[in-house]
Amino acid sequence: MTSPVLSDPADFPEPTLIAVNGVQLEVFEAGRHHGGTPVVLCHGWPEHAFSWRHQMSALAAAGHHVIAPNQRGYGNSSRPGDVTAYDIAHLTGDLVALLDHYGYDDATFVGHDWGAMVVWGLALLHPQRVNAVINLSLPYQERGERPWIEVMEQFLGGDFYFVHFNRQPGVADAVLDANTSRFLRNLYRTNLPPSAPEPGMAMINLATAETPRGEPLMSDGDLAVFVDAFTTSGFTGGINWYRNLDRNWHLLADVDPIIRRPTLMIYGERDTIQQSANLAAFVPGVEVATLDCGHWIQQEKPAETTQLILKWLDQRNAT
C-alpha cells in the first residue's frame, strides 16, 4: 500500500494572469524564460495546473522553462459563457497564443486526460508549434465516421457521463457545484477495490456518495487547493469541453489525422481508460510506457512519471 506523496502547496509557484486569444489564463512557471526548451503542461478534468506540482521543479532543474496554465474554464482563468468557446479551436488557440506571448516558435507539450486530448488536437491543427508530445492516460482518439457523442450514446447509454453532460446540460454541473468538496474527495482516490457498475451517472454518484472508496490520492492540504479552485470557478467551464466533442469532430474533418511529432504515451496499468490497440497507426514511431497506477498518473506515481519524462526528453536532445 502506498501513501499519498506529501507536498506543501505554499511551494507551488505564484501565478500570473496572461491575456491570450481573447481570454486571460492563470499561468504558473518554473525555470528561466528562454533559458531552455519550453515545456507546457496541460491538465485534465476536473484538474488544475497544481496537478503538475511534482514535475515542475524537476523539469526546471533539468533546464526547461516549464509553463503550466489553468486552461480556460479553470481556476482564475477566464470562463466564457458561450459553450462553443471551449471547442478544440479555442483550446489549442490559447496554447498557440501562449507561445506567442513568450516568444517561442514551438514547445514540448505534455497533457493528461482532457489535456492530452487538447495536445493531440494541437499537434493536428498547429503541428509547426509542437516539437514533441508527451501524453498521459488518454491515447489518440480516432475520428471515425460518426460524431463521438452519438457513438457513445448508442453503445454506452444516456447515463454515461460524456453523454449526460451533453444531453442534460446543467444537471450535473449543479450537483457537482453543490457538493464540490465531497465530489473531489471521492474522485481523487487510488487502489480502488473492484465493484459492480452502479446505476445512474457516475460523476453524480461520486458527488453524492457519503463514503469514499479506496485510499486518498493526496494530502488534505493538496486536496484543498483543488476544492478551493472549483469552489470559486464551478464545474461548468470544464464540463463545456465535453459539450464540444461533436463540434470538434466536425472541426477536424479535413485535418490530416496523423501525429507527425516524436511522442511518448504513458498509461496507467489500472486506469479505466483503455489503452489503444492501434496507436502507432495514427502516431507513427510512438514510444509507450506503462506505470502501475490508476488514472491520476502524474500524481499517483510522481517520481516515476517525472523520471520517464526527463529520460525521454534527454534521449531526444541527445539525438
*Identify, please: which residue in the range 228-255 is β-branched (Val, Ile, Thr) and under 17 Å from the mean Cα position of the chain (by Cα) and is, among those, farthest from Ile297 (Cα to Cα)?*
Thr236
*Is it true that Thr108 is open to solvent by less than 10 Å² (accessible area, probe 1.4 Å), hydroxyl-bearing (Ser, Thr, Tyr) and part of a helix (DSSP H, G or I)?*
no
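If a residue must be assigned to a helix (DSSP H, G or I) and in contact (Cβ under 8 Å) with a residue 12 or more places away in the chain, how many such residues does the range 223-259 contain? Lay out the reasoning, then the answer.
Taking the range 223-259 and keeping what is assigned to a helix (DSSP H, G or I), we get 223-233, 236-242, 245-251.
With in contact (Cβ under 8 Å) with a residue 12 or more places away in the chain added as a condition, the list becomes 223-227, 229-233, 236-242, 245-251.
Residues flagged as assigned to a helix (DSSP H, G or I) and in contact (Cβ under 8 Å) with a residue 12 or more places away in the chain within the range 223-259 amount to 24.
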*All but one of (1) in contact with a helix residue (DSSP H, G or I) (Cβ under 6 Å, 6 or more places away or on another chain); (2) crowded, with 23+ Cβ neighbours inside 10 Å; (3) of a type outside the set (Lys, Arg) hold for Gln71, so report the exception by its number.*
(1)
*asked:* Return the residues of the range 1-57 that are surrounded by fewer than 16 Cβ atoms within 10 Å (Cβ to Cβ), polar (S, T, N, Q) and at pLDDT below 95; say none if nothing qualifies.
replied: Thr2, Ser3
*Might you let me know whether the range 163-184 holds any residue that is touching a residue at least 60 places away in the same chain (Cβ under 8 Å) and under 30 Å from Trp312 (Cβ atoms)?*
no
_Just to be sure before I move on: is Gln298 touching a strand residue (DSSP E or B) at 6+ places or on another chain (Cβ under 7 Å) and under 25 Å from Val163 (Cβ atoms) in the structure I sent?_
no
_Only one of Leu206, Leu192 that is under 23 Å from Arg270 (Cβ atoms) and either modelled with pLDDT of 95 or more or surrounded by 20 or more Cβ atoms within 10 Å (Cβ to Cβ) (or both)_ = Leu206
*Tell me, yes or no, whether the range 252-272 has at least one residue that is open to solvent by less than 20 Å² (accessible area, probe 1.4 Å) and either among the aromatic types (Phe, Trp, Tyr) or over 20 Å from Pro139 (Cα atoms) (or both).*
yes
*Return the pairs, sorted by first residue and then second, in which the second residue is basic (Lys, Arg) and open to solvent by less than 20 Å² (accessible area, probe 1.4 Å), the first residue lies in the range 26-47 and is over 26 Å from Phe226 (Cβ atoms), the beta carbons are less than 7 Å apart, and the residues are 6+ apart or on different chains.*
none
*asked:* Just to verify a result, which residue in the range 219-245, among those that are touching a Leu at 6+ places or on another chain (Cβ under 9 Å), among the aliphatic types (A, V, I, L, M) and open to solvent by 10 Å² or more (accessible area, probe 1.4 Å), is nearest to Leu192 (Cα to Cα)?
replied: Leu223
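The values are calculated or read from the model by the stated rules, or taken from the named source; none is laboratory data. Only a predicted model underlies this, so the values are computations on that prediction, with no experimental measurement involved. All Cβ positions, glycine included, derive from the backbone under ideal geometry; neighbour counts span all protein chains shown. These area figures cover heavy atoms from the full protein model, side chains too; ligands, DNA and RNA do not enter into them. Shrake-Rupley method; radii C 1.70, N 1.55, O 1.52, S 1.80 Å.
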